[in-house]
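The values are calculated or read from the model by the stated rules, or taken from the named source; none is laboratory data. Keep in mind that what you see is a predicted model, and the values were worked out from it rather than measured. Cβ placement follows ideal geometry from the backbone for every residue including glycine, while neighbour counts extend to all protein chains displayed. SASA here: full protein model, heavy atoms, side chains in, ligands and nucleic acids out. Shrake-Rupley method; radii C 1.70, N 1.55, O 1.52, S 1.80 Å.
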Amino acid sequence: MGLTCASSYRVLVATVTTQQAGQSAGANPGPKRDPKTGRFGSSVFKKAVMAVTGIIMILFLIAHMIGNLHVFQGAASFNDYSEWLRQVGEPALPPRTLLTVIEIVLLVSVLAHGWAAVSLWRQAKRARPIAYQTKKRVQQSYASRTMRWGGVIVGLFIIYHLLDLTFGVANIDGPDATPYDRLIASMSNPVVVFFYVLSLLALGFHLRHGVWSATQTLGQSNKRRERAVNVFATAFAVVLIGGYLVIPFVVLTGIVA
Amino acid sequence: MALELFLEGDPIADTKAPTDVPIGERWSERKFRGKLVNPANRRKMTIIVVGTGLAGGAAAATLAEAGYKVKSFWFQDSPRRAHSIAAQGGINAAKNYRNDGDSVHRLFYDTVKGGDFRSREDNVHRLAEISTQIIDQCVAQGVPFAREYGGLLDNRSFGGAQVSRTFYARGQTGQQLLIGAYQAFERQVAAGNIETHSRTEMLDLVVVDGKARGIVVRDLVTGEVTTHVADVVVLGTGGYSNVYYLSTNAKGSNTTAIWRAHKRGAYFANPCYTQIHPTCIPVSGDYQSKLTLMSESLRNDGRVWVPKERGDSRPPQDIPEDERDYYLERKYPAFGNLVPRDIASRQAKNVCDEGRGVGPGGLGVYLDFAEAIERLGRKAVEAKYGNLFDMYARITGEDPYSAPMRIYPAVHYTMGGLWVDYDLQSTIPGLFVIGEANFSDHGANRLGASALMQGLSDGYFVLPNTITDYLSAGPFEKVPADHPAIVEAEEGVKAQVEKFLSINGTRTVASFHRELGRLVWDYCGMERTAEGLRKALDRIPEIRKEFWTNVKVAGDAHTFNQNLEHAARVADFIELAELMCIDALHREESCGGHFRAESQTPEGEALRNDEEFAYVAAWGWTPEGEPPVLHREALEYEYVHLAQRSYK
Amino acid sequence: MQLTLRVWRQPSPQVKGKMANYHLTDVSEDMSFLEMLDVLNEQLILDGEDPIAFDHDCREGICGSCGLMINGIAHGPEQTTTCQLHMRSFSDGDTIDIEPWRSGGFPVVKDLVVDRSAFDRIISAGGFISAPTGTAPDAHATPVPKVDADAAFDAATCIGCGACVAACPNGSAMLFTAAKVTHLGLLPQGQPERDSRVVRMIAQQDAEDFGGCTNIGECSAVCPKGISMETISRLNHDLLGALRAGAVPAS
Ligand SMILES: Cc1cc2nc3c(=O)[nH]c(=O)nc-3n(C[C@H](O)[C@H](O)[C@H](O)COP(=O)(O)OP(=O)(O)OC[C@H]3O[C@@H](n4cnc5c(N)ncnc54)[C@H](O)[C@@H]3O)c2cc1C
Ligand code: HEM
Ligand code: HEM
Ligand code: SF4
Ligand code: F3S
Ligand code: FES
């Protein structure tokens, strides 16, 4: 136990990094800023939009994954399923009703989700105008850190994916091929598959944090549930992405041709 | 007994308590007799409240609710950080929720007796009456007091009281009470009724035509010195334990506001009454900046001892039983380790003075749980004291389960402060003083869990009612910004700041503060003697002189400069220390926290001298070089009979 | 022990800041982190240099004044306040980086001192129960279930230090706000203003240049009082409920 401590010090090199302060004076007492009015400006409201649209997209993804698994039943079954999607409710409803509804809902969701994401992203950037010289993570997961860029990757993927399999314009077999053929064509191309796998993994991470985050955002988590929600989020992401990944896997390995 | 150290002044007395009615009716009677201010007039009046602790925060919020314009000042960044936040144990109230015989009268009685018969009966009785309203108020604000399974409030007993009347919120009662007051305060800020001035230090009082009319402050961020005027000034600036440098108080706690008001004419009462808490973590080195309180409850199971041999440097485990001195158990077989705070503190000092203290510098005694762990099992000890043990381990790096803790007494609370009457008004009309900053309710010793009670009582209930009597004559004439009193006060403050920066000597402010603290601790601490106090009184003027010629203050006056803040506070501590020693020297008796070695019973108990000293010593300031003037307020005991405290 | 400190020095809000290096010898491991800085400052003063400004007061972990980013972690390697951190948590020869809390909502005042008055304004926006002095019923008039009282207490232990903001990658003050919303929302006395409170507090928080919360959890991991993520969930729950019920922040 050091009793006396005539510590001495020495000033070493002074300047290491220089950064702009870029802030107003810490006036005393701080100026009262006006709160944002209207509910849409609230960051929590935006988060809720993301959570709800995220959940809608998740529901679609579950259905979509199950639908995709029709490939195992062969080309006919898959094409029938695709055809069925387009004909549900006929003749009472015009063709493509269900599909159009789904498309609209998804489009609105993805736009709203993206709007909220960008808006919160900008808010977060404003909130830390000067970066830390040194910053360590204590708890933060990889998934939570990659939400934004991961989301961008998923967004780009969706665009490409629609051009590829829905409209066929980006497909090797072209828009006139059957859905099944387009699928097999894409999944047999290693470059395309690589992009698919990468995007699916990004989506997996996005959902790993997204499911937990949405539960929090919608106010449904608590201390007791916290662990369970996190375990579920991981399990869900693994199963869902696994379900998607089998398709490129089986096509590439020739199990389904 | 005429010392050349002070001049005898006229006696003073409280004239506000209506003593013509029985004590239980005096408070309502005073409220009834006091003049009121009608709501339309309140809007026209400005009240300055300095401090946002329990006292200041509660007062500002309540006065703003009543419709006055309140200007609030404090030196931290947020009002929530006032030192009241650190109080741990709890707050007393005569609720008698336990049906164990508590009553307003019993709380009144305990407090007068606990203060060793040196407090004013009227004030203490009012405190006891109001105590119950405080709890109601705090619960309504959302203060999360501890509750029982039935959903009702829990109580504990504290400070040796025979009844369970202490309300608590784990070990963070002060924090929760302060947050309650702070929230009420912020509500009024939002309503536009309180104008806030954070990081702003009061450096002088403006007195115009004999009335307190404003304060001179320094903006700690910009260094700007400005004056704020008002119809009335309220000080809730806390205690001055930091005169000792090392204390359990927050680093920023200071005497500046009340000291400068004192220099403008407010009498300073009983400056030497300080409370020393026996169970604090001892000093570990010269760099030590403050002391940390460990809950007194540890003495329920821990045994206090030191080695029999002086200078025994063996680790505690290697000292056999028969070479240990369990001195409290030896000297006080009836109370053992549970003797009251002042005795436990003094005895620890005695054994250390004998050279038998343990740890660095020989300033510590063991608080040993080995026996308790053996008797109750480690689990049980952990359940009871786990968080305290963890805190100890974090601070000292030692494991209290395997080796005894080391503890030492530390300065904790100051019962002295500005003299106030029953209305909490000082000797300067228009200057009100609340909370620990005044001297009012605790006499020579404060009982546990009663400072929080006093702060909130003053802030929420007393001041807002008594201040109206003074304000009923307002709004007072406007004071122009160029009034000579303002100009003079501002110049004085600016001159002092410039003086500090110009000395450019060789010693830091902190080194003066440490030296002063050590001196006051040695001679005006737990045990005081005429000889020691005279030594201190010889030395303090030397320190002051050296301070003003050899201090080195860094930085400049126009930016955030913590060193400059500290310098101004230390300058005041040096002056206050001198008055404390004079007060301690003139009071040739022992009472409560003031223990004069010359005045003790054969058993070493504090021996009061009621014949000569049953008074409040209210000191008046005289310009430098002149001794201070003593004004005595005689204390009369109508309801509690004077008796010697005994612990045998 | 010997240490190298890299400390953020910024004389005033308008001036650019930079890291400066100091070398300290003979540091005792029993010193608190702030005492280590005190020792350095006394030396700086004697050498005629400007001492390092840092906020502190109680030095026992309760006032929330002291807040430093130490080696990239808010309040340093232990989950406690900076004043309760001791040098024995470091080793001889270490280099320690010390920075202020960085957030748009916490402008730098000087060196390591930031202006946290935004927190006061968030409380002022609604973090209270309107109970004017003297209007209270008897404290036992409304029993509070112990579980609620305990949970409210857990949330009420927040010391307003701002470590949550400092640590959050989004610079969000969510944990701070959530702690207060939870504390008051769990008590029966807090019910009448429950909806308006949360809406107004969040609106103020957003206006103060804090980020939005994306449930990353850094805040709770460094919070010296261990305020839980559950509080954030509760805040969200209350806010969405309030918005559904039609509460909109007034200007
Ligand atoms: C560790 C500890 C534990 C305690 N535990 C208990 C307990 O369990 N029960 C109990 O009853 N009591 C306890 N006490 C005592 C009690 O906490 C204090 O006496 C009480 O809180 C003082 O409140 P206050 O409002 O008078 O002053 P404070 O809370 O000290 O507030 C002072 C205010 O004044 C401001 N101020 C000071 N000087 C200036 C200036 N020059 N210019 C501008 N502003 C200024 C400050 O910024 C602050 O806002 C404890 C004390 C300590 C130290
Ligand atoms: C357009 C591309 C997308 C972008 C830019 C994007 C971006 C984001 C961002 C930034 C977040 C918030 C980060 C956080 O909460 O930690 C988020 C959350 C979320 N995203 Fe996405 N995302 C996109 C697509 C998707 C898709 C396709 C799904 C679902 C299938 C999805 C599901 C979710 C979910 C469930 C959340 C959690 C919502 C919450 O926290 O309340 N996202 N997204
Ligand atoms: C290996 C993985 C996937 C395969 C094999 C696959 C396959 C398909 C196929 C074949 C279609 C066309 C269906 C049709 O036109 O009848 C389709 C459409 C679609 N897919 Fe995928 N998909 C996969 C992953 C994803 C992912 C991860 C997303 C979202 C993030 C997604 C979103 C969509 C959307 C939005 C459509 C359009 C649906 C519509 O037109 O309504 N898909 N997918
Ligand atoms: S929530 Fe925790 S980290 Fe944030 S201000 Fe409160 S105590 Fe500090
Ligand atoms: S780290 Fe930030 S994102 Fe939310 S959970 Fe904590 S505030
Ligand atoms: S100084 Fe008060 S919490 Fe650290």
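Once the Cα atoms of helix B:104-114 and of chain B are each reduced to a long axis, what angle between those two axes, in degrees from 0 to 90 to the nearest 10, is obtained?
Rounded to the nearest ten degrees, it is 70.
Rounded to the nearest 500, what is the protein assembly as shown's calculated 222 nm mean residue ellipticity when only DSSP H runs of at least 4 contribute -39500 (n - 2.57) each, over all residues?
Theoretical 222 nm ellipticity from helices: -13000 deg cm²/dmol.
Residues with beta-carbon under 11 Å from that of B:GLY417, excluding B:GLY417: net charge, scoring Lys, Arg +1 and Asp, Glu -1? Numbers along the way, then the final one.
Values: positive: none; negative: B:GLU436, B:ASP441.
Net charge around B:GLY417: -2.
Need one number: the % of Cα-Cα pairs in chain B sitting beyond the 49 Å mark. Display every interim value, and only then the final one.
On the way: 19352 of 209628 pairs.
Tail fraction, whole percent: 9.
Work out, in µm²/s and without decimals, the Stokes-Einstein translational diffusion coefficient of the protein assembly as shown at 10 °C, 1.306 mPa s, Rh from Kirkwood over C-alpha pairs.
Translational diffusion coefficient: 49 µm²/s.
Considering the Cα positions of region C:67-136, please state its Rg to one decimal place and its Dmax as a whole number of Å.
When restricted to the Cα atoms of region C:67-136, Rg and Dmax are 17.5, 60 Å.
Could you check the simple spin-label distance between A:ILE158 and B:ASP10, using points 7 Å along Cα→Cβ, in nm with one decimal?
8.6
For a Förster distance of 41 Å, can you work out the FRET efficiency between the beta-carbons of B:ARG375 and C:THR95, rounded to the nearest 0.05?
Using R0 = 41 Å, I get an efficiency of 0.25.
Could you look at region B:294-338 and say what percent of its accessible area is carbon and sulfur, using a 1.4 Å probe and all protein chains?
49
Using the beta-carbon distance between B:TYR149 and C:SER196 and R0 = 45 Å, what value does 1/(1 + (r/R0)^6) give for FRET efficiency, to the nearest 0.05?
Taking R0 as 45 Å, the efficiency between B:TYR149 and C:SER196 is 0.90.
In nm, to one decimal, how far is the modelled label at B:ARG43 from the one at B:LYS478, with both set 7 Å along Cα→Cβ?
1.8
At a 1.4 Å probe, what is the % contribution of carbon and sulfur to the accessible area of region C:3-110?
Working: 1060 of 2600 Å².
Of all accessible area on region C:3-110, carbon and sulfur atoms account for 41 percent.
Restricting the count to DSSP beta bridges whose residues both fall in region C:3-110, what percent are antiparallel, rounded to a multiple of 5?
Details: 13 of 17 bridges.
Taking every DSSP beta bridge with both residues in region C:3-110, the antiparallel ones total about 75 percent.
If you line up the Cα atoms of region B:572-648 on their principal axes, what length do they span on each, largest first, in Å?
46, 28, 18
Compute, for B:ASP154, the solvent-accessible surface of its heavy atoms (probe 1.4 Å) with the complete set of protein chains present, and express it in square angstrom to the nearest 10.
Taking all protein chains as shown, B:ASP154 has close to 30 Å².
Read phi for every residue in region B:136-149 and hand back ³J(HN,Hα) as whole Hz from Karplus 6.51 cos²θ - 1.76 cosθ + 1.60, θ = phi - 60°, with x for Gly and Pro.
Using θ = phi - 60°, the values come out as 4, 4, 5, 5, 5, 7, x, 5, x, 4, 4, 10, 8, 4 Hz.
Name the lysines eligible as straight-distance cross-link partners of C:LYS18: C-alpha to C-alpha under 17 Å, and not fewer than 8 places from it in the same chain.
A:LYS135, C:LYS110
If you roll a 1.4 Å probe over the heavy atoms of the protein chains, what accessible area per residue do you get for region A:57-96, in Å²?
60
Rounded, prolate or oblate, given the Cα gyration tensor of region B:277-412, with a/c below 1.5 counting as rounded?
On the way: a/c = 1.23, a/b = 1.07, b/c = 1.15.
Because its axes are fairly even, with a/c under 1.5, region B:277-412 counts as rounded.
Tell me the total accessible area that B and C bury against each other, 1.4 angstrom probe, in square angstrom rounded to 100.
Counting both chains, the buried surface is close to 6000 Å².
Return one number: the angle in degrees, 0 to 90 and rounded to the nearest 10, between the long axis of the Cα atoms of helix B:484-503 and the longest principal axis of the Cα atoms of chain B.
Result, in degrees: 40.
Explain nothing, just compute: Karplus ³J(HN,Hα) = 6.51 cos²θ - 1.76 cosθ + 1.60, θ = phi - 60°, for every residue of region B:424-431 in order, whole Hz, x for Gly and Pro.
6, 9, 7, 6, 9, x, x, 10
With the other protein chains left in place, how much accessible area per residue, in square angstrom, belongs to chain B at a 1.4 angstrom probe?
34
Largest first, what is the accessible-area ranking of C:THR177, B:THR506 with a 1.4 Å probe?
B:THR506, C:THR177
Could you give the spread of the C-alpha atoms of chain C along their three principal axes, from largest to smallest, in whole angstroms?
60, 38, 36
Could you work out the relative contact order of chain B, using alpha carbon pairs under 8 angstrom and six or more residues apart, expressed as a whole percent? Show your work: numbers first, answer last.
Numbers: 1391 pairs, mean separation 138.3, N = 648.
It comes to 21 percent, rounded to a whole number.
Using a Förster radius of 41 Å, what is the FRET efficiency between A:LEU106 and A:VAL138 based on their Cβ-Cβ separation? Nearest 0.05, please.
The value I calculate is 0.65.
Return the whole-Å distance between the Cα centroid of region A:127-198 and the Cα centroid of region B:608-643.
For region A:127-198 versus region B:608-643, the Cα centre distance is 84 Å.
Using a 1.4 Å probe on protein heavy atoms only, how many Å² of accessible area do A and B hide from each other, summed over both chains and rounded to 100? Write down the numbers at each step before the final one.
Values: alone 17590 and 25080 Å², together 41870 Å².
It comes to approximately 800 Å² buried between A and B.
Using only Cα atoms, what Kirkwood radius does region A:173-227 have, in angstroms?
The answer is 14.0 Å.
In whole angstrom, note down how far apart the Cα centers of region B:503-551 and region B:5-52 are.
37
Among bridges DSSP assigns within the protein assembly as shown, what percent are antiparallel (round to 5)?
Antiparallel bridges: around 70 percent, rounded to the nearest 5.
In angstroms, what radius of gyration and Dmax does region B:105-260 have, counting Cα atoms only?
Every Cα atom of region B:105-260 included, Rg and Dmax give 19.4, 59 Å.
Report the far tail of the P(r) of region B:338-387, meaning the percent of Cα-Cα pairs longer than 12 Å. Intermediate values should be presented prior to the final figure.
Details: 856 of 1225 pairs.
Tail of P(r) above 12 Å: 70 percent of Cα pairs.
I want to make sure I understand the PRE zone here: with the label point 7 angstrom from the Cα of A:LEU99 toward its beta carbon, which residues in region A:221-257 have backbone N atoms less than 14 Å away?
none
Please report the net charge: other residues with Cβ closer than 14 Å to the Cβ of B:THR227, K and R +1, D and E -1.
Around B:THR227, the surrounding residues sum to -1.
Over the Cα atoms of region B:488-612, what is the Rg over Rh ratio if Rh follows Kirkwood? Intermediate values should be presented prior to the final figure.
Numbers: Rg = 18.0 Å, Rh = 16.2 Å.
Result for region B:488-612 is an Rg/Rh of 1.12.
If one computes the Cα centroid of region B:69-138 and of region B:422-440, what distance in Å separates the two points?
When both Cα centres are located, 16 Å separates them.
Net charge near B:ARG42: determine it from the other residues with C-beta under 11 Å of the C-beta of B:ARG42, scoring Lys and Arg +1 and Asp and Glu -1.
That works out to +1.
What lysines sit close enough to B:LYS69 to cross-link, taking a C-alpha to C-alpha distance under 30 Å and skipping anything fewer than 8 places away on the same chain?
In chain and number order, the partners are A:LYS32, A:LYS36, B:LYS16, B:LYS31, B:LYS35, B:LYS44, B:LYS211, B:LYS263, B:LYS478, B:LYS494, C:LYS180.
Summed for both chains, how many Å² of accessible area, to the nearest 100, are buried between C and A with a 1.4 Å probe?
Working: alone 12470 and 17590 Å², together 23470 Å².
It comes to approximately 6600 Å² buried between C and A.
Under the rule of at least 5 residues apart or a separate chain, name every residue whose amide H is placed under 5 Å from the amide H of B:ARG528.
Here the answer is B:PHE595, B:ARG596, B:ALA597, since their amide H atoms fall under 5 Å of that of B:ARG528.
Can you give the relative contact order of region B:577-625 as a percent, counting alpha carbon pairs under 8 Å and 6+ residues apart?
Relative contact order comes out at 28 percent.
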